[in-house]
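Here the structure is laid out as structure tokens; the discussion comes afterwards.
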Amino acid sequence: MNMKALFTAIASSTLALTLAFGSAKAAENDNNTKENTKVETVEVTQVSNPTATKVNSRYKTTASLNLRSDASTNSTVKTTVSSGTVVKASAKKTINNKTWYKVSVNGKQGWMSGDYLSKTSKSITKASASNDSGSDIVDQALKYIGIPYRYGGTTTSGFDCSGFTQYVFNQQGKSLTRTSRSQRSETRYTSNPQAGDLVFFTQGGGSIDHVAIYMGDGKIVHAAGSQVQVQSINNGYWNRYLHSYGTLN
């Protein structure tokens, strides 16, 4: 082979090797790019709110119990029923290990705590007229939540304790006198308070000096502190000064 042919063969071989190496390198870079741009998939588990399950049962209340707008003790009280009332449940759900039932009673729907419901086969009976009236008083009182406390106040510009109870009862067509002491004298003592009854307190020792409206379930609504508000009488300050319960004849 002459020298020219030899150089030509060497050059051709070198070019072929260069092209092959370049193709392999490009393929390697392409694979690296794909690996570097690979998106890692992360599985996210969504936590949903507790959902209600359907039921079709009747329950009897074992205490005076609030019907609430939602399954929470912080939700609005729609009405209060007396102990022994039979309600129809259509759903239930459990929140923080506490079971709530969606029930119908006296034409209203809402949620009740399962802690105070006992399953029964009794038919549903409408609550007594007096209890209906008491629930209406509670509903009326709750309209004024947040109105400021004002000593001597008897209007929605500001209430004191007896001015508030007098105003609420008057709105429901029931007459009450002006002071907590006189309201105690015109109501009948009861050891089994129902929604709409009055609760009397003696903060100064001996004489009646405060009055509230009983909501049921150990709760009262009254003008106290800085405003009209809902509080518990099962413990704390108000329990220490509780005097008696009164129902209006």
**OP:** Answer yes if at least one residue in region 212-233 is among the basic types (Lys, Arg), modelled with pLDDT of 95 or more and surrounded by 15 or more Cβ atoms within 10 Å (Cβ to Cβ), and no otherwise.
**Re:** no
**OP:** Report those helices (runs of 4 or more DSSP H) wholly inside region 105-188 carrying at least 3 residues which are modelled with pLDDT of 95 or more and open to solvent by less than 10 Å² (accessible area, probe 1.4 Å).
**Re:** 161-171
Original post:
For VAL199, are the conditions met, namely being within 29 Å of THR73 (Cα to Cα), touching a residue at least 40 places away in the same chain (Cβ under 8 Å) and surrounded by fewer than 20 Cβ atoms within 10 Å (Cβ to Cβ)?
Top reply: no
**OP:** Mind listing whichever residues of region 234-249 are open to solvent by 70 Å² or more (accessible area, probe 1.4 Å) and either closer than 19 Å to SER133 by Cα or part of a strand (DSSP E or B) (or both)?
**Re:** HIS243, ASN249
Subject >> Residues located in region 202-221, provided they are assigned to a strand (DSSP E or B), in contact (Cβ under 8 Å) with a residue 24 or more places away in the chain and either among the β-branched types (Val, Ile, Thr) or more than 24 Å from MET112 (Cβ to Cβ) (or both) >> reply: HIS210, VAL211, ILE213, VAL221
**OP:** Six or more apart or on different chains, Cβ under 6 Å: which pairs go from a residue in region 141-164 that's in contact (Cβ under 8 Å) with a residue 12 or more places away in the chain and closer than 20 Å to ASP209 by Cβ to one that's open to solvent by 40 Å² or more (accessible area, probe 1.4 Å) and of a type in the set (Ser, Thr, Tyr)? Could you list them?
**Re:** TYR149/SER226; ASP160/TYR151; SER162/THR179; GLY163/THR154
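The values are calculated or read from the model by the stated rules, or taken from the named source; none is laboratory data. Because the structure is a prediction, the values reported are computed rather than measured. Don't worry about glycine lacking a Cβ; one is built from the backbone with ideal geometry, like all the others, and counts go over all protein chains shown. Areas reflect the complete protein model, heavy atoms only, side chains present, ligands, DNA and RNA absent. Shrake-Rupley method; radii C 1.70, N 1.55, O 1.52, S 1.80 Å.
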